[in-house]
1. For a footprinting-style exposure proxy, rank THR6, THR41 by other Cβ within 10 Å, fewest first.
2. Quick check of the Kirkwood formula: for segment 1-42, what is the inverse mean of 1/r over all pairs of different Cα atoms, in Å?
3. Any chance you could run the full-extension gain for TRP36 through MET86? It's 0.36 nm times the residue separation minus the Cα-Cα distance, nm to one decimal.
4. Could you please state, rounded to a whole Å, how far the C-alpha centre of segment 63-111 is from the C-alpha centre of segment 1-46?
Amino acid sequence: MLATLTPIGQMRHRITLQRQTNPTRNDYGEEVPGTWNDVATVWAAITPLVLIGNEFIQGQQVHAKRILRINIRYRADVIPAMRAKMGKRIFNFQTVSDKDERNIELEIRAEEAV
């Protein structure tokens, strides 16, 4: 049975897909993470999932991780190692799947640290 596609009217969020360059080494031999480069700007439907919370402590502050579902039109170049940016918000991809395996729509599970 085919799943229904996300109505185009729900794709009201403008996100920028980004890919990280390969890490490099500095003068001291330390690995320096690659920079994030823009790949494309697309329309997306962003839905918070039930799994909101997962608090953790970092730098003596309590943070929460928000798990989201992002639906975009199909692109062959989107992989889980990428992320999306919307304003100051960053969504790190966890999984990328081809909805219905028909090359029409991608469903992305992403995590946003808040």
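1. THR41, THR6
2. This gives a value of 13.7 Å.
3. Values: separation 50, 0.36 × 50 = 18.00 nm, distance 1.38 nm.
Once the chain is fully extended between TRP36 and MET86, it gains 16.6 nm.
4. 8 Å
All of the numbers you see were taken from the coordinates with simple rules; none came from a lab. Not measured: the values here are computed from a predicted model. No Cβ is skipped: glycine too gets one built from the backbone with ideal geometry, and neighbour counts run over all protein chains shown.
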